[in-house]
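No value in this document is a laboratory result; all are computed from the given coordinates. Please read all numbers here as calculations on a predicted model, not as lab measurements. A quick note on method: Cβ atoms are made from the backbone with ideal geometry, for glycine too, and the neighbour counts reach across all protein chains shown.
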Amino acid sequence: MKKIVLSIGGSILVPSLESNKISKFSEILKILSQKYRVFVVVGGGGEARRYIEQARSLGIDEATSDELGILITRINASMLMWALGEDAYRSVPENYTDAVLAGDSGKIVIMGGVTPAQTTDAVSAVLSERVGADFLVNVTSVDGIYSEDPKKNDKAVKYEIITPDELLAIISGAGMEAGSNTVIDLVAAKVLKRSGIPLVVIDGRNPENLTDTLIKGKFDGSIVSADGKNPLDQI
Ligand code: UTP
């Protein structure tokens with residue numbers, strides 16, 4: 001069985017608490033787990049940003065504000081984990097070694113953030129290294145990697161397949177303050193470059209894109225691959 005790590009943005013899984021997509025993603029993760037060994041890293045979304053904003057206005061430092069963001073990612077991870085019932089490992093690992101051990105159960109492992117000054121994208125890249133993932137899937141709110149932010153510039157070009165160096169060039173201008181947002185963070189991109197683990201970017205606003213891509217082989221996102229090979233060709 002191939003091993004995959006999914007990085008699911010908080011804004012995708014929990015756009016707001018009341019409009020959460022946890023039930024839909026649980027259904028999809030159960031399907032994926034019949035074909036893959038699945039590890040999931042869940043983001044904090046708007047709720048994390050709201051807490052971080054308030055923390056700053058209280059004069060709380062950036063790293064401590066990050067810790068609040070991490071707590072929110074773990075709340076989202078816990079909701080997904082409990083919704084999955086017996087299919088999930090019943091604890092949210094707070095470090096990589098615990099995640100590796102949880103993976104030995106053969107169940108779906110769900111975790112959130114780990115340490116300040118990064119986002120859950122970085123967690124998912126490091127976790128991919130630790131578990132020896134065949135590829136990392138970033139489930140996000142754009143339909144691929146663009147030359148610029150497509151929400152800000154409609155002339156931005158979408159890439160089908162690029163190298164880790166090209167990805168680094170695209171995102172290297174991004175900020176690192178608590179709550180900042182890009183397609184994938186700089187730490188994650190650097191980890192992917194050193195490990196050579198491919199990245200698949202999927203638009204998670206339609207959760208069915210996951211089964212289309214990873215089960216049916218119908219893909220419309222972007223790929224980062226060091227050797228130019230598409231990891232989806234071998235699924
Ligand atoms: P996210 O990973 O959710 O950041 O973590 P994001 O880029 O806002 O992601 P989306 O919107 O869900 O896709 C939320 C915040 O939690 C802190 C950071 O401040 C981050 O911006 N965090 C998260 C950490 O400091 N370390 C971590 O390992 C994870």
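Return 87, 143, 233 ranked ascending by Cβ neighbour count within 10 Å, so the fewest neighbours appear first. Walk me through the numbers before you get to the answer.
Values: 87 15, 143 18, 233 7.
Ranking 87, 143, 233 by Cβ neighbours within 10 Å, fewest first, gives 233, 87, 143.
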PRE reach from residue 165 (point 7 Å along Cα→Cβ): which of the range 183-227 fall under 14 Å by backbone N?
193-194, 225-227
For the chain, percent of DSSP beta bridges that are antiparallel (nearest 5) comes out at 20 percent
Tell me the mean residue ellipticity at 222 nm calculated for the chain from its helices only (DSSP H runs of n ≥ 4, each -39500 (n - 2.57), averaged over every residue, nearest 500).
-12000 deg cm²/dmol
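Given the C-alpha atoms of the range 99-235, compute the convex hull and give its volume per residue in Å³. Walk me through the numbers before you get to the answer.
Numbers: hull volume 16.2 nm³, N = 137.
Expressed per residue, the convex hull around the Cα atoms of the range 99-235 is 118 Å³.
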In Å, the Kirkwood hydrodynamic radius of the chain over pairs of distinct alpha carbons?
17.6 Å
Each label point is 7 Å from the Cα along the Cα-to-Cβ direction; what then is the distance between the points at residue 115 and residue 19, in nm?
3.6 nm
Extension gain, residue 104 back to residue 155 (0.36 nm per residue minus Cα-Cα distance, nm):
13.8 nm
Calculated P(r) tail over 12 Å for the range 21-83, as whole % of Cα pairs
70 percent
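Stretch residue 230-residue 94 to full length: gain in nm at 0.36 nm per residue minus the Cα-Cα span? Kindly include the intermediate steps, with their values, before the conclusion.
Working: separation 136, 0.36 × 136 = 48.96 nm, distance 3.15 nm.
Net length gain for the segment: 45.8 nm.
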